[in-house]
Every structure is written in C-alpha cells, then in structure tokens.
Amino acid sequence: MSQPNPLTVAVVGATGVVGRTMVQVLGEREFPVGELRLLASGRSAGRTVEVRGRSIEIQEAVGEAFDGVDIALFSAGADISKDLAPQAVARGATVIDNSNAWRMDPNVPLVVSQVNPDDLAWHEGIIANPNCSTMQLVPVLMALRDSVGLERVVVDTYQSVSGTGAEAIAELEGQIRAHVAGEQKHAAVYPHPIAFNALPEIDVFLENGYTREEWKVVTESRKILHLEDLRISCTAVRIPVFVSHSEAVHVETRAPITPEKARRLFAGVDGVVVNDDPASHEYPLATDAAGRDEIFVGRVRQDPSIPGERGLAFWVVSDNLRKGAATNTVQLAELLVERGQVRARSRRQAVEAPA
Ligand SMILES: NC(=O)c1ccc[n+]([C@@H]2O[C@H](COP(=O)([O-])OP(=O)(O)OC[C@H]3O[C@@H](n4cnc5c(N)ncnc54)[C@H](OP(=O)(O)O)[C@@H]3O)[C@@H](O)[C@H]2O)c1
C-alpha cells in the first residue's frame, strides 16, 4: 500500500481469539493504524496489553468509544454487533463485522476479498465478514463458477474448536488432560465431550433440521457468489482440532472438467494453494494450515457418480482464525483504503455531489 494517512482503528472483542488475531494481522500487514483502540467487555476494561512494544489499555465497548474512529473491526458476538455497530456508524465509523448479525441483510455487503471486492462500493457503514466455513469455500467455488458453471455443491465440514472461541479451546485441553489422568471429562461449551469425538451440531438447530452453521454456508455462499439459486447442502461437524477447518467438497459442474484443469483453476485464484500429491501423502492438513493465510486444496479427483465428467471431489483446509476471520477482515479494510471507500457510500456521494 502506498503511504495512506494513518487511521484510527478500533477492535471490538480485542481480548478474544479472533480479536487478538486481528491485532496481530493489522501489525503483520502494516495496516496504516494511527491510533489503535482495543475494546472488550467491562470485565476487561483497564487491563493493558502489549502491541508491538506499546502498552494499550483495554476500554469498555460503549457508543462513545467510537468517537473519532475510522474503521471498527467487530468480533464480540452477534448481540454486541447488533447493539453497537449502528452506534459506531452513527459516530462516523465504518464497521467490518465478524458476527452473523448483518450477513444476510440486503443492505450490507458480505465480502470475501478475492471473490466479490466490488460489493464494498455500496456499503452504508457496515460490511459483513462471512462465516469461517463459507470463507474458505467460496474462492474455490468461484474458480469453477467462472469456468464451467456450478450445478450443485455438497460440503461437509470438519471444524476446529477455536471456531467457537477461547472457552472451547480450554475445554478441549481440559478434556485431553482429564483423559490422560483417567478422570471424567466435563463438557460445558459443547453438549458432549469434544475430545476424541465428532459432534454434528454447530450452532442451533433450525426448523428444517439443519444447524444454523450449515445454513450459513448455504445462504452466505449464494450471496457472495451472486448465485441466488445455487443448489448447495452442508453438514457441519466439530472435531477435536485446535486450529483450521477442513472441508470435503463435492461439486456437480455444468460443463465437463478434469481434475487437472480444476487444479490449474484453483491455483490461479489469489490466496489459494494446491497441495495435491497423494502418492507422497501430500494433501492439505489442519496443522500445516494453522498460522497461514492461504486456502489449501488437495485430493482433487473426478466424482464418477456424476456422468459426463461433470463431478469433482476435493479437500479444502484453511486457518479459521486468519483467512476465516481476521485476515479477511483486514484485507477488506485494506481494499476500503485503496479504493477510497472507507466512508459509507451516501457520505462519499454527499461530498462528491456538486454544490
Ligand atoms: N473463532 C472463529 O474462528 C470465528 C470466525 C469467524 C467469526 N467469529 C465470530 O467472532 C466473534 C468472536 O469470536 P471469538 O472466537 O474471538 O470469541 P472469544 O474468544 O470468546 O472472544 C469474545 C470476545 O468478545 C468480547 N465480549 C464479550 N462480551 C462482550 C460485551 N458485552 N461487550 C464487549 N465485548 C464483549 C470478549 O471480551 P471479554 O474478554 O472482556 O469478555 C472477547 O474479547 C463471534 O461473533 C464469532 O462468531 C469467530
């Protein structure tokens, strides 16, 4: 980025797993931060944290905390976003929100940096960051949409506990320790022990039998890919992995496609890395993806259950805290700066309109 003016940036949920990663990614990518405001609940207010050698005091996330803020990165849950994001916008900030509070609002763009960055242009103060499972899926689907068309998608997820937050990480650690010590495993965050298990329940159950996590993948993918009628289904499963979500994806395309061509298409997408050499046991792993910003794709093969070479199966892995949350948020903030879109469309138009 070419020396833009430093901005006042707030991180809401700065003590959480995603919030802390956001602060780290802002620094790593040298986002032009003038003042960094770290906001959390009243429980954390007054604590100090070290950021790049500077000591910053955590403040309580209340409306006044957004005075003078240019960009506010929210990651403190949907209730807080619903309450505080409009207050932040009213005070002149632009919000990039990680919760599911605004994602399906037709007046809020839902954006993955390399898929639909042009949707940022119409924001009115709030921009939504997709769910982590959707995030790693849509750049790969985009490549197929643009080349051979998408007829139907079935995705099954294998999601890490960090996707739930700090308490879930502690719960898995505690259950592993209890197992080794021969003690009973206590489950509080999840309805069953997560250690040595696979739980097909992420977020609440909906009337249609899907969980909300599964339905987020369905509705968010359609919105981001601009494919309102995309036939897509999902089963979301929590597994005892600390970081990175994995996904088994089955796609029926409109036109024929070979695995070789699919690998070339995937490798051509910004931020996607193909790692696919089964003979050498090379395929994407959660442990390798953790700490990285890329989306890794492997196990690409023809699905013979679909005739006419229109079926593909593959495996997609990405760090849910980085590209799945914090990195995409910061990438969206970078795009806003580069494109002169930090302020809401109506405010930009008011300035541009002739007197
Ligand atoms: N984890 C992921 O992979 C992921 C991915 C995408 C989106 N998200 C979303 O990001 C959000 C946070 O997730 P997380 O994993 O970082 O959770 P987390 O580790 O549990 O952290 C929650 C954060 O929210 C803050 N908070 C809680 N109550 C608050 C209040 N009343 N006012 C202000 N701040 C409050 C907490 O502050 P205190 O420390 O003061 O309590 C903490 O900073 C959720 O909406 C989640 O759905 C998470």
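What to note about this one:
- Number of the exception - residue 156 against (1) in a strand (DSSP E or B); (2) touching a Lys or Arg at 6+ places or on another chain (Cβ under 9 Å): (2)
- Selection status of residue 262, crowded, with 21+ Cβ neighbours inside 10 Å, over 23 Å from the mean Cα position of the chain (by Cα), modelled with pLDDT of 95 or more and of a type outside the set (Asp, Glu): yes
- Identity of the residue in the stretch 1-36, within 13 Å of the ligand (Cβ to nearest atom) and part of a strand (DSSP E or B), that ends up farthest from the chain's Cα centre (by Cα): 10
- Breaking point among (1) loosely packed, with under 13 Cβ neighbours inside 10 Å; (2) more than 8 Å from the ligand (Cβ to nearest atom), for residue 42: (2)
- Enumeration of residues in the stretch 291-302 that are surrounded by fewer than 16 Cβ atoms within 10 Å (Cβ to Cβ) and outside any strand (DSSP E or B): 291
- Positions within the stretch 90-129 being within 22 Å of residue 14 (Cβ to Cβ), more than 15 Å from the ligand (Cβ to nearest atom) and buried (at least 19 other Cβ atoms within 10 Å of the Cβ), in sequence order: 93, 94, 125
- Residue in the stretch 303-325 that is free of Cβ contacts under 8 Å to residues at least 60 places away in the same chain, away from the ligand (no atom under 16 Å from the Cβ), part of a strand (DSSP E or B) and of a type in the set (A, V, I, L, M) present: no
- Among the criteria (1) under 23 Å from residue 335 (Cβ atoms); (2) away from the ligand (no atom under 13 Å from the Cβ); (3) part of a helix (DSSP H, G or I), the one residue 64 does not fulfil is (1).
The values are calculated or read from the model by the stated rules, or taken from the named source; none is laboratory data. Predicted, not measured: the structure shown is a model, and the values here were computed from it. Cβ atoms come from the backbone with ideal geometry, glycine included; neighbour counts cover every protein chain shown.
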